[in-house]
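Reviewing the structure listed below.
No value in this document is a laboratory result; all are computed from the given coordinates. All values reported here derive from a predicted model rather than from experimental measurement. Using ideal geometry, Cβ is built from the backbone for each residue, glycine included, and neighbour counts are taken over all protein chains shown.
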Amino acid sequence: MVQLHAGAAACTDGDPLQQRLALLGVDLVRRPENAAPGTYLVPSPALLKVVLALREAGIDVETAAGALDLLRRQEHRAADELVNHLVRRTGKGFAASGSPEDVSTAVAALRSRVVEAVELLFAQEMERALRVEFEHRAPRFVRPRDKP
């Protein structure tokens, strides 16, 4: 549980009530029943930190949380597919003999490198998507110049 105060999370133009409402609205903070006033549950402090950093860069809480939701759904599917792939390959290219010890060693190695792989792959895909977006749809991003 945390105490949120006026300067704790700059989420919507400095209005503390709007800050809390925005964070509550996207479930980044929760108001537990019977909690002391101003006390909130933060399910993921790291995700809250990401959203607040994005807010500082000009991305509002709802947009940032929506982006995280999209990522979570994709990561959910990717994790399921990866586990399925690895299970099919156990003893045949993953976890050598398929013994519990080999599976444990392989999973530990995978976990230690998967974040790096995801970061690299996602960066490449973001570059590709942005390039496509700007090459094919750039006119909607161009604002007309004011005539003197």
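Packing-based ranking of 62-69, 33-40 yields 62-69, 33-40, ordered from highest to lowest mean Cβ neighbour count within 10 Å.
Peptides 42-54, 124-136, 87-99 ranked from most to least packed by the mean count of surrounding Cβ atoms within 10 Å: 42-54, 87-99, 124-136. Which shape class applies to region 32-145: rounded if a/c is under 1.5, otherwise prolate when a/b exceeds b/c and oblate if not, where a ≥ b ≥ c are the square roots of the Cα gyration tensor eigenvalues? Since a/c reaches 1.5 but b/c is at least a/b, the shape of region 32-145 is classed as oblate.
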